[in-house]
1. For the range 207-295, which GluC sites (Glu not before Pro) pass both filters: DSSP loop (anything but H, G, I, E, B) and at most 13 other C-beta atoms within 10 Å?
2. Per residue of the range 475-484, what does 6.51 cos²θ - 1.76 cosθ + 1.60 with θ = phi - 60° give for ³J(HN,Hα)? Whole Hz please, x for Gly and Pro, Karplus curve as stated.
3. Please list, in order along the range 287-294, the HN-Hα scalar couplings obtained from phi with the Karplus expression 6.51 cos²θ - 1.76 cosθ + 1.60 (θ = phi - 60°), rounded to whole Hz, x for Gly and Pro.
4. How would you rank Val276, Val138, Val391, Val503, going from fewest to most other Cβ atoms within 10 Å of each one's own Cβ?
5. Given N residues in the range 250-292, what is its alpha carbon radius of gyration divided by 2.2 N^0.38 Å?
6. Which loop-located GluC sites (Glu not before Pro) does the range 303-344 contain, where loop means any DSSP state but H, G, I, E or B and the Cβ has at most 10 other Cβ atoms within 10 Å?
7. How large is the Rg to Rh ratio of the range 366-407 when both quantities use alpha carbon positions and Rh follows Kirkwood?
8. Running Debye on the range 325-368 with equal point scatterers at the Cα sites and no solvent, what base-10 log of I(q)/I(0) appears at q = 0.32 Å⁻¹?
Amino acid sequence: MSDTQPKTDTTKEPVKNAQQSNLQPETTETKQLSNKELKELKKKEKAAKRAAAKEAAGIEPTSQLKGGNKNSESKDGIVKESKDLSLKDKTHKTNSHIKKQLNDAKIHDTNMKIPPMFGHLETREERISSTPKIASIVHPSILSLTLKISTYKIVGSSARCIAMMEAFKDVIESYITPEGTSLQRNLTGHLSHQIEYLKTGRPLSISMGNAIRWLKQKISVIPITTSEEDSKTILLEQIDLFIMEKIVIADKVIVEYAENHINNNSKILTYGHSNVLSELFEFCATEQNKKFEIYIIDSKPLFEGKKLAKKLSKLENIKLHYNLINSLSSVLEKSNIDFCFLGAHSMLSNGRLYSRVGTALVSMACKNKSIPVLVCCESLKFSDKVQLDSVTLNELGDADDLINTKPFNKTGFNLQQYMNKLNDNKKLLERENQKGKKGGQQQQQQQQKLKIEEANKEEDEYDLSNWKAYPSLNILNILYDLTPPEYIQKIITEFGALPPSSVPVILREYKSAT
């Protein structure tokens, strides 16, 4: 029995094994293929949804779908859609691709005469050369604002920030959310396109960067169930509130803190133009009826102090003195200055003041004369960056702005007499021509031309319009410098007056408030 039982088992087992071996490969293969198909289908569905969303937003897909898209097939037709999308070779206009387009479009001119120490800074020509790449997707308000900023029609950190936020309001009002996406996810990317173009005019100021981060954070916290119109209304109201709280009301509070330092018969020194300082001087002269003197120090190439002088010259209680920065030492020597008020582009976390070039010189000269230096700065301009010099981060202006390509209107007495003689000779020649006296006329005209050419040479003797032709001459126009904290006595903000070492405290207050 023990011999027959294994035989019957062995005869049946091969048949069962053969049947199982014929069936198992089919079931295992179908299971493996279905798992792969499910994974591939999920990937393709996600890719198709993303591509559809990008197409609806006006963004064109570039990257082809990864492995398995070309040879795999699906019953639902998703693979065919993914293949059609993958065949498109156009570049999609995401933020990273726009940055790449801008970098590729920049014209790096090797003939630019920039000192090697500042060679890492971006020139104005490099920024302007990349503007046509993304101009097609930029809002008209941003185009207009970029032009005004690049041509210095709008100057000043606060003024540029307010103009940018007003332009963003126009962008949000005309924005339409594409199908397949939400405003909270798509609007931030749409704004990024506008910001990248705005940077081509001039680099963003610290206040503009802080305002952009605030706006993107407000967009992200809007509930996804909120309708598009309600979301736009909320954002527009918050932008108006932001401008009012962080700039307008902040300036008024700073004026209330700073007016205690200005009394009757005070002598105040200031440099350039600042909106908050203009409001401070106007408040003291009109609202408090204080009579005092202001010494405005100004410098090339923008001459911002002229704007402040023009505004304050209309006030009766203020006696104005306008001087260029090369006469600063004589002004401090002859005038008993009580306080020096300065505006700010930004306050860095290590207590250094980042402002228009020349501010460090003014503050150092006042420090040597024991004149207190007070800086009026909104908390919006505070930055957590640390900078030790004005070389690492700065902005390059146009070198031609420092050169007088046109001669001065005033001429010397001797030159004026010589020009009068030339005019008299021209009149004599005209009279002789009218009388018909042609003898020796050509010789006289040639002599007159030679005299005029000599006079023009004398005028052009100091003209540097062709300065690039001189290989040993370099002209550098940097727009900002860095003032050490030991030159600053006090910083006046909407949170109160504090020393430069307390800047991190304001940064914590600002972050907690936002």
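All of the numbers you see were taken from the coordinates with simple rules; none came from a lab. Everything numeric in this text was worked out from a predicted model, so none of it was measured. No Cβ is skipped: glycine too gets one built from the backbone with ideal geometry, and neighbour counts run over all protein chains shown.
1. Values: sites: Glu228, Glu229, Glu237, Glu245, Glu256, Glu259, Glu279, Glu282, Glu287, Glu293; in loops: Glu287.
In loop regions of the range 207-295 (DSSP not H, G, I, E or B), the sparsely surrounded GluC sites (Glu not before Pro) are Glu287.
2. 10, 10, 10, 9, 9, 9, 9, 10, 9, x
3. The phi angles translate into 6, 9, 6, 8, 10, 8, 10, 10 Hz.
4. Numbers: Val276 21, Val138 18, Val391 15, Val503 24.
Least to most surrounded, the residues fall as Val391, Val138, Val276, Val503.
5. Working: Rg = 9.8 Å, N = 43, 2.2 N^0.38 = 9.2 Å.
That ratio works out to 1.06.
6. Working: sites: Glu304, Glu316, Glu333; in loops: Glu304, Glu316.
Listed in order of number, the matching sites are Glu316.
7. Numbers: Rg = 16.8 Å, Rh = 14.9 Å.
Rg divided by Rh gives 1.13.
8. Summing over Cα pairs of the range 325-368 leads to -1.26.
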